[in-house]
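Colleague: First, the structure itself, so that you have it in front of you.
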Amino acid sequence: MLLGDDKSLTEGSRNAWRREPEHGHADVPLLEEMRITIEEARVVLPGVQALFGFQLIAAFNQRFDDLPGVDRALHLAALVLVAVSVALVMAPAAYHRMAERGQVSRHFVDLASRLIAGALLPLMLGISLDAYVVARLITDSAAIAGIIATALLVLFVALWFVLPWMHRRRRNRPPDLDR
């Protein structure tokens, strides 16, 4: 089944929703939820792949040899973390193609969402580690590089995990507590 072909969906799966809509939210059928999830992966993937490519090229740069062994090891760790992130972002498409081709299931949508969300952790760690390495190379200061890397890590955690958690927590509160 193509994503736009609703004919092969059963009536039950076409109307499969996770929960009752909350005030200011709309129901999303399972097929649409799958489309949204896949689109999220499509948006994230090119950036992660480009970052991975730049990381690979960096090892062949002449200045890379100027880095202390510890910083080269940190770059390698960052490279591996971003590769893990690429694998997690790409996994839903591979899984769907091999395990659930032509079908849409709650299991797939939930799995894909978890994999894409799980990709954010190694991605933020990899970016922060590489930011440390680059800042260390530019500033020649481990302290400044550590501050920059830590600030980026805090920013990623705040935007990618804390903000959604706070929204979800506020959304799940009983109505009388919102005043």
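The values are calculated or read from the model by the stated rules, or taken from the named source; none is laboratory data. Fair warning: this is a prediction, and the values are worked out from it, not measured in the lab. Here Cβ is always computed from backbone atoms with ideal geometry, including for glycine, and neighbour counts include all displayed protein chains.
Colleague: Residues Leu152, Leu137: which one is free of Cβ contacts under 8 Å to residues at least 40 places away in the same chain, assigned to a helix (DSSP H, G or I) and either within 24 Å of Ile38 (Cα to Cα) or of a type outside the set (Ser, Thr, Tyr) (or both)? It would help to see each step written out before you state the result.
Modeller: On the way: Leu137 fails: free of Cβ contacts under 8 Å to residues at least 40 places away in the same chain.
Only one candidate passes the filter, namely Leu152.
Colleague: Could you please find all residues in region 25-43 being touching a helix residue (DSSP H, G or I) at 6+ places or on another chain (Cβ under 9 Å) and farther than 23 Å from Ala94 by Cα?
Modeller: Across region 25-43, the qualifying residues are His25, Val28.
Colleague: Taking interchain pairs and intrachain pairs at least six residues apart, which have beta carbon atoms under 9 angstrom, with the first residue in region 77-99 and over 11 Å from Leu120 (Cα atoms) and without any contact (Cβ under 8 Å) to a residue 60 or more places away in the chain and the second of a type in the set (Gly, Ala, Ser) and exposed (fewer than 15 other Cβ atoms within 10 Å of the Cβ)?
Modeller: Taking only residues 6 or more apart or on different chains, the pairs are Leu79/Ala59.
Colleague: If Leu177 satisfies every condition in (1) at pLDDT below 95; (2) buried (at least 17 other Cβ atoms within 10 Å of the Cβ); (3) not basic (Lys, Arg) but one, which is the exception?
Modeller: (2)
Colleague: Mind checking which residues of region 85-110 are in a helix (DSSP H, G or I) and basic (Lys, Arg)?
Modeller: Residues satisfying the conditions are Arg97, Arg106.
Colleague: For region 4-56, what are the residues that are assigned to a helix (DSSP H, G or I) and modelled with pLDDT under 80? Lay out the reasoning, then the answer.
Modeller: Within region 4-56, the subset assigned to a helix (DSSP H, G or I) is 11-14, 30-56.
Within region 4-56, Glu11, Gly12, Ser13, Arg14 meet the criteria.
Conditions (1) of a type in the set (A, V, I, L, M, F, W, C); (2) surrounded by 14 or more Cβ atoms within 10 Å (Cβ to Cβ), marked per residue:
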site: Gly53; (1), (2): no, no
site: Ala58; (1), (2): yes, yes
site: Asn61; (1), (2): no, no
site: Leu67; (1), (2): yes, yes
site: Arg72; (1), (2): no, yes
site: Leu81; (1), (2): yes, yes
site: Val89; (1), (2): yes, yes
site: Met98; (1), (2): yes, no
site: Gly102; (1), (2): no, no
